[in-house]
Amino acid sequence: MTVPENNKKKDLNSSYSLSVQLSLTGLSFLMEEENKPVFTEEISFSEPKNPDELLFEIEKAFAEIEQLQHPVFELTLIYQNPFYSIVPAALFKEDEAEQYLKLNTRIFTTDFVAFDTLENFELVNVYVPLANINNYFFEHYGEFSYFHFTTTFLESVLQNEKTGNPKKMYAHLHGQQVDVVVTSGKKLELCNSFNYTTPEDLTYYLLFVAEQLQLNPEEFELELSGKISEEDDFFELLYTYIRNVTLKQNKPTTLRIEK
């Protein structure tokens, strides 16, 4: 189905831009005007959704939230899921992109594979966007841009590192997934994602990564971001086993829990 142009929610004369972050455990929205936030909202699901259920939740959000019905001049989707693989640029072949995912992601015939290029760091992030979600937004907004969350996560981490810095671990928590990056200066040592539900789960995965990369929990630095605070049981247990833990300040959002 093609939505008539006058029914689309994209208007180049609008002063608003919209970013939508999508995961199987929740949605978050950021609307900006002249690069200043004017509306934020986060919806957390009680259980992970499949792609069809996720589309239903998106349609529900756009029907119920008044601010999301405003026309925008720019739309950006950010996929935040474990269906990705980081490939050195020197080894990447675009016509074989799906081959890099087959070892850790189940690829269906209806899936298509996309990739983001981190030019400054000679890395390529190969991932699976959700076709039904992309189709929905194309029908309602026309052209838009999309990328994977780990692309920006990696860029923000690596650009702030300096050559010669000791190994450092970064962990971003969202929903029931943690994205883990380990660097050695500007060199990427590891990028992976794990699902967790309890503080013990999270601590186990981060200590397992540390063990595999021979990081001493008494010495290496762990920087946490996302859904965590110093008052959380997650933080308390991590600090029990890892001595150098810092917390990156996160932007506040409005949280809605699905009933």
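The values are calculated or read from the model by the stated rules, or taken from the named source; none is laboratory data. Source: prediction; values computed, not measured. Note that each Cβ is placed from the backbone with ideal geometry, even for glycine, and that neighbours are counted across all protein chains shown. We work out accessible area using only protein heavy atoms, side chains counted, and drop any ligands, DNA or RNA first. Shrake-Rupley method; radii C 1.70, N 1.55, O 1.52, S 1.80 Å.
Structure notes:
- You will find that of Ala90, Ala97, Ala171, the residue that is within 30 Å of Glu221 (Cβ to Cβ), touching a strand residue (DSSP E or B) at 6+ places or on another chain (Cβ under 6 Å), among the aliphatic types (A, V, I, L, M) and not in a loop (DSSP other than H, G, I, E, B) is Ala171 and no other.
Residues are listed down the side, and each one gets a yes or a no for (1) on the phi < 0 side of the Ramachandran plot; (2) in contact with a helix residue (DSSP H, G or I) (Cβ under 9 Å, 6 or more places away or on another chain); (3) at pLDDT 95 or above:
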residue	(1), (2), (3)
Asn165	yes, no, no
His172	yes, yes, yes
Val181	yes, yes, yes
Cys191	yes, yes, yes
Leu202	yes, yes, yes
Phe208	yes, no, yes
Glu211	yes, no, yes
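- Restricting region 233-257 to residues that are in a loop (DSSP other than H, G, I, E, B) and surrounded by 12 or more Cβ atoms within 10 Å (Cβ to Cβ) leaves a set whose member that is modelled with the lowest pLDDT is Thr253.
- One residue stands out in region 23-37 among those that are out of contact with any helix residue (DSSP H, G or I) (no Cβ under 7 Å at 6 or more places or on another chain), in a strand (DSSP E or B) and not polar (S, T, N, Q): the one that is most open to solvent (accessible area, probe 1.4 Å), namely Lys36.
- Test: residue in region 220-227 that is surrounded by 18 or more Cβ atoms within 10 Å (Cβ to Cβ), of a type in the set (S, T, N, Q) and not in a loop (DSSP other than H, G, I, E, B): yes
- Applying a threshold of 9 Å to beta carbon distances and a minimum spacing of six or more residues, or different chains, the list of pairs starting in region 127-154 at a residue that is open to solvent by 20 Å² or more (accessible area, probe 1.4 Å) and ending at one that is modelled with pLDDT under 95 and among the basic types (Lys, Arg) reads Glu139/Lys8; His140/Lys8; His140/Lys9; His140/Lys10; Glu143/Lys10; Phe144/Lys10.
- Residue check: Lys93 meets all listed conditions (1) closer than 13 Å to Thr152 by Cα; (2) surrounded by fewer than 13 Cβ atoms within 10 Å (Cβ to Cβ) but one, namely (1).
- If you go through region 104-122 and keep only what is open to solvent by 20 Å² or more (accessible area, probe 1.4 Å) and either in a helix (DSSP H, G or I) or among the hydrophobic types (A, V, I, L, M, F, W, C) (or both), you end up with Ile107, Phe108, Phe112, Val113, Phe115, Glu119, Asn120, Phe121.
- Residue check, Glu42 open to solvent by less than 80 Å² (accessible area, probe 1.4 Å), touching a strand residue (DSSP E or B) at 6+ places or on another chain (Cβ under 8 Å) and assigned to a strand (DSSP E or B): yes
- Residue within region 185-192 that is in a strand (DSSP E or B), farther than 30 Å from Leu18 by Cα, open to solvent by 30 Å² or more (accessible area, probe 1.4 Å) and among the charged types (D, E, K, R) present: yes
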